[in-house]
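Encoded as structure tokens, the structure appears first; notes follow it.
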């Protein structure tokens, strides 16, 4: 999550359809956070959800983290 009281936290949600559209979620302060970036992988999908009060640098940090996690997952899957 980018911004808000849960800035930097990661959440795991199980979906029953491949490449499901990530849902909006509610932060602990009650504000609705919307997905803004998605990376679909073979075994899972990653997304960044943004709190309405997120700052630019919080969003950038969250997207950088998602890209790094996707790259790490790709390396694990390729055996390198």
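Coordinate-derived values only; no laboratory data. This one's a predicted model, so the numbers in the text were calculated from it and none came from an experiment. Backbone-built Cβ (ideal geometry, glycine too); neighbour counts: all protein chains shown.
Extension gain, residue 21 to residue 69: 0.36 nm times the residue separation minus the Cα-Cα distance gives 15.4 nm.
Any idea what the relative contact order of the chain is, in percent, if you count C-alpha pairs under 8 Å spaced at least 6 apart? Show your work: numbers first, answer last.
Details: 101 pairs, mean separation 25.2, N = 80.
Relative contact order for the chain comes out at 32 percent.
Extending each Cα 7 Å along its Cβ direction at residue 28 and residue 14, get the distance between those two points in nm, one decimal. For residue 28 paired with residue 14, the spin-label model returns 2.5 nm. Among 61, 13, 39, the residue with the largest mean-square fluctuation in a Gaussian network model of the chain, with springs joining Cα atoms closer than 10 Å, is 13.
For the chain, the longest principal axis of the alpha carbon atoms and the long axis of helix 56-78 meet at an angle near 20°. Estimated from helical segments only, the mean residue ellipticity of the chain at 222 nm is -10000 deg cm²/dmol, where each DSSP H run of four or more residues counts as -39500 (n - 2.57).
Modelled label positions at residue 40 and residue 53, each set 7 Å beyond Cα in the direction of Cβ, lie 3.5 nm from each other. Our summary of shape: the Cα atoms of the chain have principal axis extents of 40, 28, 16 Å, ordered from largest down, in whole angstrom.
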